[in-house]
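Derivation of every value follows stated rules applied to the coordinates shown; laboratory data play no part. Just so we're clear, the structure is a prediction, and the values are computed from it rather than from any experiment. Here the Cβ positions follow ideal geometry from the backbone for every residue, glycine too, while neighbour counts run over all protein chains shown.
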Amino acid sequence: MRIVQGALLAVLALGIGGAQAQEKKPGEKLKVGFVYVGPVADYGYSFQHDQSRKALAAALGDRVETSFLENVPEADSERSIESLARSGHGLIFTTSFGFMEPTLKVAKKFPKLKFEHATGYKRAANVSTYSARFYEGRYICGEIAGRLSKTGTLGYIASFPIPEVVSGINAFMLGAQSVNPNIKLKIVWVNTWFDPGKEAEAAKALLAQGADILSQHTDSAAPLQEAEKQGKLAFGQSSDQMRFAPKAQLTSIVDDWDGYVIQEAKAVLDGTWKSHDTWGGIKDGMVVLAPFANMPDDVKAKAEASKKAIADGTLHPFHGPVFKQDGTEVVKAGENAPDPMILGMNWYVKGIDDKPPQ
Amino acid sequence: MRIDLTPRTDRSALMDALSPVLAFAAALVVGGLVVAAMGRSPAAAFVTYFVAPLSEVWSLQEVALKAAPLALIATGLAFCFRANIWNIGAEGQFVVGGLFGGWIGVATHGAAGNTLWVLPLMLVVGTLAGMLYGLIPALLKVRLGVSEILTSLMLVYVAELLLDYMARGPLRDPAGFNFPQSVTFDDAARLPYLMEGDTLHAGVAIALAAIVVATLVLARTLFGFTVRVVGASPRAARFAGFSDARLTLAVFAVSGGAAGLAGIAEVAGKIGQLQPSISPGYGFTAIIVAFLGRLSPAGILVAALVIALTTIGGEGAQIDLKLPLDLTRAFQGLLLALVLGADALSRYRVRLVPGAAA
């Protein structure tokens, strides 16, 4: 009975958008579409989103049907989103920041369909946004790196200077400084989310400059593999990349969208979906750290403790005092950085010997 | 064994006309076999790829939207390629046109009073910017003898990085949380929509008009005649006193201007703001379109429609048949190879010479 009810509500929720008015019969499934900026086989960000699509299909079985479009260029995404909207999809996940304006435009045309946009900041009555507090994981990685580095120099492969990436660099540095105040950080910007060749080159350059632990905010496993080859250590990104670097991966910041995607699809099926913004962290299970490996037990134990402390709120990566490079105090002692500050971060913390690209 | 290609003395007009059709049929057969090998119905795939996009008003508009920039850029390139001059940098000229035209859209954001002049100025500036950018490799070739193939290609990356810098830096939306995109343009800076549903914009009509003008210029003017003669017989052209240098500059100006116009039409039409990337590779795909269309404006129009159709059908195939995007790309490549192959066969007689050294 519940399923029938759900389906009926889904029919209402699915609604009839635009010119393609199609009556949904009771018992019909909710079609859920995903738009990816990269290939599903990147073993990083798009791969991880696709894992959640599969988890959704497994969890809700025949109540849902899923499809995806991969490698969608951001400047050309409006049509891709609209073709999902027109082919009967009731819930559409657009998973890259650059899909923001196109998502809003299509959502306006199809007011009864529901849209979920990852990492953006503009919402509408039928557009929710969601993202993860990756900086929480980065802080713990920083602590681990600070404890393990022999050369006192860490390397960071960064993608684009947007706040999410900059706040990740800062959190990593603050974590490292909390255990070794003299730690150095070298940063290479590769201006791509996924380019194994460029990422490997950047990794080589950083290792040659004396960094012995690498962190990355790009999606391929190439930097890890380079570290593995040279007998150095590194952190994975987006998914657990242990199989690519069994001797080098310390942990990986895994995006786990499973719970969120399933929760939103259920809400549409039950007719309780509402537009909202979600910024989940370790506490919510959205940011997961792959099993700690390749480190002594005491470092592992301390990392586990930090993870727990962040989850229960006793540790905040941007706990004051936090200073900018020029010495101005941005977060007062005893206070935590407010969310809007983290969401708009375009400056480095004190101790980073570099300038953020503007 | 050696393979000899001798020009046919008895070229049949029928075969000339039929060869692309036969090549298309052959591509369909091979594509169908691949689809069958993947366990899907070739008939269903055919319908999804080639019939479904043509059966809805919306997707017809999308086909036109996708074909217009390809056809416009390719028509410009036809002037170069016919004269044996190789502009590989249309992608860069497209980007520069979009950037400088779009700049006016950003600068006039929120302007009060009479703003009717904004859009025409954007189109003119975009065209001129593409033209001037195209003249750089032309001048280098004429003055210094530098290969235009290399310089025009390398300038693509310069243009892309310039746009990337501008969208992240000086032209970034000040109220956009540091995210890399400009403000969205006012309506006065947008190309109007031609049909209900806000899909088809006036850029398509502008592209069509430009192609008609190009056809007339190529067929009816002294300049068009020069281009054709130089392409057909460079020696004869030199005896006739046509200047190589002047022609190089002229065809680069034409193709750069066409690409620049396509760029600003895309920005003022579909995108509506400046982003770090505005092209899904139109400038490069247009090279394929130019050759698929045998460097004639009418053929180019057909070729652009076919490429647009397979791209949009390919999206449908991902959604409805769960066929991968790679299959669409492979099919487009196969089509080009077969069309060029069939063309060669209709122009040349192939003889196997047994025993001779290769």
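Miscellaneous remarks
- Our note on the geometry: Cα centres of the stretch A:217-285 and the stretch B:330-349, 45 Å apart.
- The helix-based estimate of mean residue ellipticity at 222 nm for the protein assembly as shown, built from -39,500 (n - 2.57) per DSSP H run of four or more residues and divided by its residue count, is -17000 deg cm²/dmol to the nearest 500.
- FRET efficiency, A:T272 to A:D62 (Cβ-Cβ, R0 22 Å, nearest 0.05): 0.60
- Whole-number percent relative contact order across the stretch A:167-255, with pairs defined as alpha carbons under 8 Å at least 6 apart: 19
- FRET efficiency for the B:R8 to B:E196 pair, using the beta carbon distance and R₀ = 45 Å, is estimated at 0.30.
- Normalised contact order of chain A, rounded percent, pairs of Cα under 8 Å and 6 or more residues apart: 17
- Structure remark: mean-square fluctuation, Gaussian network model of chain B, C-alpha springs under 10 Å; the largest value among B:G263, B:G333, B:G241 belongs to B:G241.
- Each residue, A:V330 and A:K283, gets one label point 7 Å from its Cα in the Cβ direction; the gap between the two is 2.2 nm.
- Residues listed by number, the stretch A:341-355, amide nitrogen under 15 Å from A:A309 label point at 7 Å toward C-beta: none
- Among A:L60, A:L269, A:L154: highest mean-square fluctuation, GNM of chain A, C-alpha pairs under 10 Å: A:L60
- Rg to Rh quotient for the stretch B:132-240, alpha carbon positions, Kirkwood Rh: 1.12
- Bridge type composition, chain A - antiparallel percent by DSSP, nearest 5: 15
- For the protein assembly as shown, DSSP calls about 30 percent of its internal beta bridges antiparallel.
- Chain A: proportion of alpha-carbon pairs further apart than 30 angstrom, %: 39
- Over all pairs of different C-alpha atoms, the stretch A:224-358 has a mean inverse distance whose reciprocal, the Kirkwood radius, equals 17.9 Å.
- Look at the Cα gyration tensor of the stretch A:25-130: its axes a ≥ b ≥ c give a/c of at least 1.5 with a/b at or below b/c, and that counts as oblate.
- Cα-based shape type of the stretch B:1-127, given that a ≥ b ≥ c are square roots of the gyration tensor eigenvalues and the cut on a/c is 1.5: oblate
- GNM top mover of B:P42, B:P137, B:P69 - chain B, alpha-carbon springs below 10 Å: B:P42
- The value obtained for chain B, namely the Cα convex hull volume divided by the number of residues, is 184 Å³ per residue.
- For the protein assembly as shown, the square roots of the Cα gyration tensor eigenvalues, ordered a ≥ b ≥ c, give a/c of at least 1.5 with a/b greater than b/c, which places it in the prolate category.
- Among the listed pairs A:K105/B:K66; A:K150/A:K355; A:K300/A:K350; A:K29/B:K270, those whose Cα-Cα separation exceeds 30 Å are A:K29/B:K270.
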